[in-house]
Amino acid sequence: MAEAFNDLILPAEKDERYAALADEIAAVLDGEPNLTARMATVASMLAASFDHFFWTGFYVVDADNPRELVVGPYQGTLGCLRIAFGRGVCGAAAETGQIQVVEDVHAFPGHIACDARSASEIVVPVFDSAGGLIGVLDVDSDQKSAFDEVDASWLQTIVHKVFSISGAA
């Protein structure tokens, strides 16, 4: 199924869709300082823009346990409530500070199956304006190989613009 999706949307078309979406997200969030509102809006707008986004949301660094992520605003089926740094795809992104693009989650060592229908995943670390990790953006698809460099680049751009600003709290 992922092949059919990737064949239908050319990289340039996907790039254009992300560019328009990034502008729309920026316009909607202009002047909104609340972190939860920003995360909820990004999750909602991303989920509504791509049919293959099965689960779209955030895991936030827990203030009481800074080596653990706790589920934040999301769109989709039930998410895992807590994920330790270094565990699963989200934990790997939190641990390394690097984007994780996983073509087949079932082949990923230590994958956490919050929903068995998830087949591929992309996780983007989210940093505040001081460079501190505040969480991760997690997007799952029920199709294998659903994410590529275009997704990684644009999702990183979007979270950087939305969360690396002074005054977002």
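Which residue is surrounded by the most Cβ atoms within 10 Å (Cβ to Cβ), if the candidates are limited to the range 72-96 and must be outside any loop (DSSP other than H, G, I, E, B) and among the charged types (D, E, K, R)? Ranking the qualifying residues of the range 72-96, first place goes to 95.
With the structure loaded, tell me whether residue 116 is more than 20 Å from residue 161 (Cβ to Cβ), assigned to a helix (DSSP H, G or I) and free of Cβ contacts under 8 Å to residues at least 12 places away in the same chain or whether it fails that test. No; evaluated as a whole, the condition is false for this residue.
Taking the range 18-45 as the range and being among the hydroxyl-bearing types (Ser, Thr, Tyr) and either more than 17 Å from the chain's Cα centre (by Cα) or not in a helix (DSSP H, G or I) (or both) as the test, no residue passes. Would you confirm, using the coordinates I've provided, whether residue 130 is in a loop (DSSP other than H, G, I, E, B) and within 29 Å of residue 31 (Cα to Cα)? Here the answer is yes, as residue 130 does meet what is asked. Would you pick out the residues in the range 19-71 that are touching an Asp or Glu at 6+ places or on another chain (Cβ under 8 Å) and either touching a residue at least 40 places away in the same chain (Cβ under 8 Å) or surrounded by 19 or more Cβ atoms within 10 Å (Cβ to Cβ) (or both)? Hits for the range 19-71 are 38, 52, 53, 54, 55, 56, 57, 58, 59, 61, 69. If I go through the range 123-145 residue by residue, how many of them are within 15 Å of residue 161 (Cβ to Cβ) and among the β-branched types (Val, Ile, Thr)? Within the range 123-145, residues that are within 15 Å of residue 161 (Cβ to Cβ) and among the β-branched types (Val, Ile, Thr) number 3.
Against the criterion of being farther than 24 Å from residue 35 by Cβ, surrounded by 12 or more Cβ atoms within 10 Å (Cβ to Cβ) and free of Cβ contacts under 8 Å to residues at least 40 places away in the same chain, residue 105 qualifies.
Might you check whether a residue that is more than 14 Å from residue 135 (Cβ to Cβ), among the basic types (Lys, Arg) and under 17 Å from the mean Cα position of the chain (by Cα) occurs anywhere in the range 87-103? Scanning the range 87-103, I find at least one residue that is more than 14 Å from residue 135 (Cβ to Cβ), among the basic types (Lys, Arg) and under 17 Å from the mean Cα position of the chain (by Cα), so the answer is yes. Just one of the numbered conditions (1) surrounded by fewer than 19 Cβ atoms within 10 Å (Cβ to Cβ); (2) touching a Pro at 6+ places or on another chain (Cβ under 8 Å); (3) hydrophobic (A, V, I, L, M, F, W, C) is not true of residue 99: (1).
Only the coordinates and a few stated rules stand behind these numbers; no lab work does. The model shown is predicted, which means the values in this text are computed figures rather than measured ones. Cβ sites come from the backbone with ideal geometry, for glycine too, and all protein chains shown count toward neighbours.
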